[in-house]
Amino acid sequence: METPDTGDSGDSGSADTSAPYTPVWDDPAATLACDEGGEAPLLEAALDNADLPREDLGFESSLWASWARMDYVRGPFQMPWFEDAHHEPEHAACFARQTSADFDAAALALHPVAAAIGAQATASGIELAGEPIPTLGTPLSEALADLVKAAGGGDDPERADELPADLAAALVPIIHGLTAGIDARHAMDESSADITKPQRMFQGAPGLVTTDVGYLPDVTDADAVDLFAEWYMGEQGPRQLLLPARQIAFAIEDAGLEAFAGGDTDWEFVTEAGILRIAPASDDTHTVEDNAVLFQLDLGGNDTYVDGAGANFNDENPVAVSVDLGGDDHYGYLEEPDDHDAEGTLVSDSDGRENSAGYWISHSGTGRQGSGRYGIGMVFDLGAGTDTWASLRMSQGFGTLGVGVLRDDGGNDTYAAEAGAQGSSVFGWGLLLDGGGDDTYTAWAYSQGFGYVGGVGTLHDNAGNDDYFANPGNSFAGVTLYASPQLPGGEGNSSFCQGAGFGLRGDSWGQYFSGGFGVLRDVEGDDSYQTGVFGQGTGYWEGTGLLADGAGNDQYDALYYMQAGVAHYAMGLFIEGGGDDAYNQRFDSYYMHTGAGHDYSLGLFVDESGDDTYGFGGLAVGASNCQGVGIFVDKDGTDIYMARSTYSTGLGNHSGECEGRASEPSIGIFMDGGGDVDDYQWPEDPTRLPANDSTFGINWNGTDDEHGGAVDGDGATGF
């Protein structure tokens, strides 16, 4: 990492006279070569079995336009790339791989958080204009003077003289970044005057998925929705926070702060926007105080954080950044047990729990640990310690009308939350970036790579044998809190975790918001994934979810609408890079999974290689329902298919709920490549027997609109 030559002499108010260092962004990932429409004999064989020309694989734009006229789709929040990827399955595979490459390149960059924020902007279709903040040899006192002015008041900037010269010089670009963030938030305040006050902005945006925190926009008011959409998607809305967030991250990652680990500096500087604090290397406890934290640097030790740790305290705290330089740290909160805390759940905070459809979910209104709520909230834990992270909601890389980031650069870490956490967004950008180690992630809902309307939520883990547990519910060694309507009686949770995009289906209001983009990317390791309903590369109502796992022998288990099982105009993408993987072996899955599309949705499942074992129920493994497209591809390996239902596996199908539109195609495609000898364990059905080197797709009702194709063979798949 390059840092400027600041020298050792003189007080911190003196300017550096050496040649200025000009920082530049890290290079993004190269554009991947992708042979869409190239020679693909196995795909051609499957499509021939389905009686479907290759050019008809996907959705017609004219069909989508007919739905747009009814305001169901193509709303103001739609991602700019959505239709190109959704309508063309071969392009969707290229899109998934490019997205993975973008975040992988960021994770390996010299400035990983800054690069990942750039990748999130790209995933939102936003081109960030602007460069990193140069050091320019500016005295810290001048940088503090600008900060105090932007904050609306504060201590005497000449207090910069109290800091060691080298530390003061390292802080200069960070302070400039904080100032840029404050200015951007104030500009948002001015531009949002016609919508609502800052306090309601801070309180309101999470409410559409976390409940009871507030609701924004008012979905029952069409004019309010239009105003909000114009502001949010425009240049004066929250997207103007992305550049200063990226600049702050770059400045932190470029400053060489690790050189100050173990130091004994103890310093506080008060501004109207929050405190600047430097804590010495000792085992500290950082507690909640009346004053919000603007920037906090802890120089090391085994620390305990029960403050926000990089979370916007309120609407008057536009930027909150916390940096810890080493130690085995605990990030938590002040626990206050509630009578409705169930065994196996996190202990409540002072907000307790609320009854939601008969289940007691967290009522917490406090974001923590990298929570950007109507602002920028970032926490950096450096030094590769063994850290524990615990919060309830809106935490651990959560963004709503802002940018929320949690960066842990390595170690065997434990993350626990209930909802809206671990790379989660609601009208914003949420990022959890873990550098490696054997990590455990636990949550219930809207977490582990979740994007709600207008948002991008990303969880990226670079290496290690990791455990992703999105609590599946009572019947599956878990606890039901967010009961799924697909599994009556509280059997399982409605998760939206592990790569999930969610949109708003407001039938009773007549409002339909295109969903966001949720990404879970794990680069390598023998990993375990468990979730309930909607997860592992899923989407709902024009949302897009991507789960992309690289090398390793992995285990995946989920219940319903998962593993590229998707519903209602949405897109679910599941890419497995290789290894001997086990699917749905720890508990039985139900319907719509492992490459299955329902109601104009695309579910695309690709496993690159390895000797894999698949367990599945109905509407699975390359299955369609009601004009959906479901594609399953296993490219190589000696595989075992354990089917519990013949209503699967290269299935073209429309059920009774969509009889009125039977002239439009339902497409299910199954491909097993590599030419290996696979084992098909099939329910007794003499009319359809999957076998090696054969085709065996089916049109369930025998109608012309159903196109089911299945092939076991060899050759390129087109994916």
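The values are calculated or read from the model by the stated rules, or taken from the named source; none is laboratory data. This structure is a prediction, so every number in the text was calculated from the model and none was measured. Using ideal geometry, Cβ is built from the backbone for each residue, glycine included, and neighbour counts are taken over all protein chains shown.
The table below gives the values:
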| quantity | calculated |
| --- | --- |
| Answer residue from the range 331-363, given it is of a type in the set (A, V, I, L, M) and closer than 30 Å to Val113 by Cα and is surrounded by the most Cβ atoms within 10 Å (Cβ to Cβ) among those | Leu346 |
| Filter result for the condition that a residue is touching a strand residue (DSSP E or B) at 6+ places or on another chain (Cβ under 6 Å) and at pLDDT 80 or above, over Leu241, Leu227 | Leu241 |
| Thr366 being of a type in the set (Ser, Thr, Tyr) and surrounded by 24 or more Cβ atoms within 10 Å (Cβ to Cβ) | no |
| Single residue of Val306, Val321 found to be aliphatic (A, V, I, L, M), touching a residue at least 40 places away in the same chain (Cβ under 8 Å) and over 30 Å from Asn474 (Cα atoms) | Val321 |
| Qualifying residue in the range 456-466 (condition: surrounded by fewer than 22 Cβ atoms within 10 Å (Cβ to Cβ), at pLDDT 95 or above and of a type in the set (Asp, Glu)) | no |
| Answer from Ser609, Ser624, Ser589 - the residue that is out of contact with any Cys (no Cβ under 6 Å at 6 or more places or on another chain), surrounded by fewer than 23 Cβ atoms within 10 Å (Cβ to Cβ) and polar (S, T, N, Q) | Ser609 |
| The one condition in (1) on the phi > 0 side of the Ramachandran plot; (2) part of a helix (DSSP H, G or I) that Gly137 fails to fulfil | (2) |
| Filtered residue count, the range 85-100, keeping only those that are within 23 Å of Arg239 (Cα to Cα) and out of contact with any strand residue (DSSP E or B) (no Cβ under 7 Å at 6 or more places or on another chain) | 2 |
| Sole residue being modelled with pLDDT of 95 or more, in contact with a strand residue (DSSP E or B) (Cβ under 8 Å, 6 or more places away or on another chain) and assigned to a loop (DSSP other than H, G, I, E, B), chosen from Gly399, Gly372, Gly404, Gly410 | Gly410 |
| Residue list for the range 678-716, restricted to those being of a type in the set (Val, Ile, Thr) and modelled with pLDDT under 95 | Thr687, Thr703 |
| Unique match (being out of contact with any His (no Cβ under 8 Å at 6 or more places or on another chain) and at pLDDT 95 or above) among Asp266, Asp298, Asp284, Asp315 | Asp266 |
| Inter-residue pairs, beta-carbon under 7 Å, first more than 14 Å from His186 (Cα to Cα) and at pLDDT 95 or above and in the range 138-157, second of a type in the set (Asp, Glu) and not in a helix (DSSP H, G or I), 6+ apart | Gly153/Glu272; Gly154/Glu272 |
| Pair list, Cβ under 8 Å, 6 or more apart: the range 194-213 residue among the basic types (Lys, Arg) and assigned to a helix (DSSP H, G or I), other residue surrounded by 17 or more Cβ atoms within 10 Å (Cβ to Cβ) and modelled with pLDDT under 80 | Arg200/Gly214; Arg200/Leu216 |
| Close pairs from the range 39-68: first of a type in the set (A, V, I, L, M), partner surrounded by fewer than 19 Cβ atoms within 10 Å (Cβ to Cβ), Cβ under 6 Å, at least 6 apart | Ala40/Ala716; Leu42/Gly713; Leu42/Gly715; Leu47/Arg54; Ala68/Arg74 |
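Yes/no per residue for (1) touching a residue at least 40 places away in the same chain (Cβ under 8 Å); (2) surrounded by 15 or more Cβ atoms within 10 Å (Cβ to Cβ); (3) at positive phi:
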position	(1), (2), (3)
Val629	yes, yes, no
Ser645	no, yes, no
Gly656	no, no, no
Ile669	yes, yes, no
Ser694	no, no, no
Gly709	yes, yes, no
Asp712	yes, yes, no
